[in-house]
1. Restricting attention to segment 112-134, which residues are in a loop (DSSP other than H, G, I, E, B) and surrounded by 14 or more Cβ atoms within 10 Å (Cβ to Cβ)?
2. Which numbered condition in (1) surrounded by fewer than 21 Cβ atoms within 10 Å (Cβ to Cβ); (2) under 21 Å from residue 16 (Cα atoms); (3) more than 20 Å from the chain's Cα centre (by Cα) is the only one that residue 277 fails?
3. Check whether at least one residue in segment 36-52 is surrounded by fewer than 16 Cβ atoms within 10 Å (Cβ to Cβ), at pLDDT below 90 and closer than 30 Å to residue 262 by Cβ, and report yes or no.
4. For residue 106, state whether it is modelled with pLDDT of 95 or more and closer than 16 Å to residue 192 by Cβ.
5. Could you name every one of the helices (runs of 4 or more DSSP H) located completely within segment 20-108 that has at least 1 residues being more than 25 Å from residue 204 (Cα to Cα), without any contact (Cβ under 8 Å) to a residue 60 or more places away in the chain and over 20 Å from the mean Cα position of the chain (by Cα)?
6. Can you tell me which residue is modelled with the highest pLDDT among those in segment 157-189 that are in a loop (DSSP other than H, G, I, E, B) and within 17 Å of the chain's Cα centre (by Cα)?
């Protein structure tokens with residue numbers, strides 16, 4: 001994982017990227033989310049949980065992951081019942097910590113086997129993560145819970161794979177053009193976060209939204225990859241999705257980026273049209289909240305350095321208390337593979 005370069009000159013806007021980003025936001029018909037500020041109450045509940053969990057949260061390093069879990073839940077799922085939002089926030093905090101915790105690789109390697117057997121985990125971090133997965137059925141329909149757990153276990157596997165020498169030494173090629181999406185779907189946990197949009201209490205009929213999950217996953221993956229591309233380019237990263245796909249397709253990265261924009265817009269349009277056919281408007285409203293909150297999260301987070309593109313700046317966002325703390329620091333934001 002490359003480090004961002006905080007260089008004023010290098011951080012200047014790239015006109016080509018600006019055009020691409022503006023097209024994404026404009027054609028998605030992005031609208032600034034307006035909802036109640038639940039961050040203070042959610043943060044208090046998370047802190048109460050963290051204090052008794054034994055999981056790391058007090059160090060500056062750990063606090064970054066705690067904060068992103070909190071902000072994710074506020075931004076993406078604003079109208080969820082409080083208990084569901086808290087559960088997603090805790091899940092995100094623990095998962096993102098695990099994603100970056102390379103010293104914990106040996107302990108993580110046995111996580112799935114212990115989870116399947118119901119055996120104790122070797123650390124408080126992994127023990128709490130296992131408990132969070134086991135408690136998913138409190139908030140989501142049983143079949144949906146299974147999808148969320150399976151998606152999460154795939155994330156654990158992908159995290160371990162990405163630390164293996166075999167993965168690091170891969171030579172990307174045209175003959176393996178399906179590989180970038182294969183690993184992205186597992187490392188980024190898009191399926192779990194798509195299902196999180198529809199808690200059982202508010203969205204009991206899985207038939208209302210199930211067919212839209214594949215396109216929601218495309219949106220979750222690609223919108224993040226697009227809006228991460230500026231800061232990744234500044235950092236000199238070439239192992240991200242856009243560049244890997246470009247190598248496999250023997251195309252220029254900017255051309256792939258433009259293709260991803262079109263695919264993201266098309267995926268969102270299909271989801272919107274699908275959910276508008278449903279008799280209960282709550283499903284369409286839930287998606288609308290998520291897709292707008294997802295964009296807001298990225299364009300207002302300093303980590304992505306998108307402030308250099310005025311067309312993406314959200315007027316008045318600095319006055320929104322809910323995101324004040326997030327904007328004040330260089331926190332890792334987005335889903336699990338956004339860094």
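1. Our first condition is that a residue be in a loop (DSSP other than H, G, I, E, B); within segment 112-134, this holds for 118-123.
Across segment 112-134, the qualifying residues are 121, 122, 123.
2. (2) is the only condition that residue 277 fails.
3. Within segment 36-52, none of the residues are surrounded by fewer than 16 Cβ atoms within 10 Å (Cβ to Cβ), at pLDDT below 90 and closer than 30 Å to residue 262 by Cβ.
4. On the way: modelled with pLDDT of 95 or more: yes; closer than 16 Å to residue 192 by Cβ: no.
Spelling it out, it is not the case that residue 106 is modelled with pLDDT of 95 or more and closer than 16 Å to residue 192 by Cβ.
5. Working: elements: 39-53, 60-76, 82-100.
Correct list: 39-53, 60-76.
6. Within segment 157-189, the first condition is being in a loop (DSSP other than H, G, I, E, B), and the residues that meet it are 162-164, 169-173, 177-178, 188-189.
Next, from what is left, pick out any that are within 17 Å of the chain's Cα centre (by Cα): 188-189.
On the way: 188: 95, 189: 98.
Top of the filtered list is 189.
The values are calculated or read from the model by the stated rules, or taken from the named source; none is laboratory data. Every value quoted in this text rests on a predicted model; they were computed, and no experiment measured them. Cβ coordinates were reconstructed from backbone atoms using ideal geometry, including for glycine residues, and neighbour counts include every protein chain displayed.
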